[in-house]
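The block underneath contains the structure these notes are about, expressed in structure tokens.
The values are calculated or read from the model by the stated rules, or taken from the named source; none is laboratory data. It should be emphasised that the depicted structure is a prediction, and the values quoted were computed from it without experimental measurement. Note that we place each Cβ from the backbone using ideal geometry, even for glycine, and neighbour counts take in every protein chain shown. All accessible areas refer to the heavy atoms of the entire protein, side chains included, with ligands and DNA or RNA removed. Shrake-Rupley method; radii C 1.70, N 1.55, O 1.52, S 1.80 Å.
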Amino acid sequence: MKKIFMLAVTVMMLAVSAVCSAANGKVLDAEEAIAEKFISGGDYKAVSSLMSADMQQNWNETVYANMQEQIAKTFGKLTTNRLRIIQKLDDADVLIYQVVSEKIPTARFVYVFVVNGEKPLLKDFTLGLPQQEEPAGQQQAGQQ
């Protein structure tokens with residue numbers, strides 16, 4: 001009897017967790033698609049429809065084109081763009097990607113999404129570059 005009860009409890013726990021995962025899966029897939037479309041460049045009108053109203057005010061076509069140009073100039077070709085961290089907050093989702101490129105060995109692209117129902121909208125985008133190491137001579141001078 002005990003084994004049957006434990007089996008039933010285990011099956012119920014798995015069923016509930018599967019349902020919960022599926023609910024977040026659709027939103028996460030949409031967020032990943034938006035992040036890919038945003039970073040790959042292209043038509044601003046198509047990308048702007050995926051932005052929140054706040055972001056649309058700060059990111060016009062010129063700013064978006066300038067950002068794409070700076071990424072191409074600073075990073076070169078992106079060789080790796082992997083989702084590493086997902087943060088689910090009360091009013092936003094944060095996706096952090098590890099990026100490897102021709103010119104910069106590692107960086108982070110951070111996408112912040114606001115979710116209305118099951119439709120995520122991009123709220124903010126930031127870059128995280130590695131800190132520059134000081135040459136050994138400057139470190140020793142600073143310690144004296």
Using a Förster distance of 30 Å, how high is the FRET efficiency between residue 92 and residue 13, based on the Cβ-Cβ distance and rounded to 0.05?
0.55
Along each principal axis, Cα extent of the range 1-131, largest first, Å
68, 33, 23
Measuring from label point to label point, each 7 Å out along Cα→Cβ, what is the residue 43 to residue 118 span in nm?
2.5
Percent of Cα-Cα pairs per 10 Å bin, from 0 to the last occupied bin, for the range 67-121, please list those.
23, 41, 27, 9
With every protein chain in place, the range 1-104: carbon and sulfur % of accessible area (1.4 Å)
59
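Taking 0.36 nm per intervening residue step and subtracting the Cα-Cα distance, what contour gain separates residue 127 from residue 72 on full extension?
Here the segment from residue 127 to residue 72 would lengthen by 18.5 nm.
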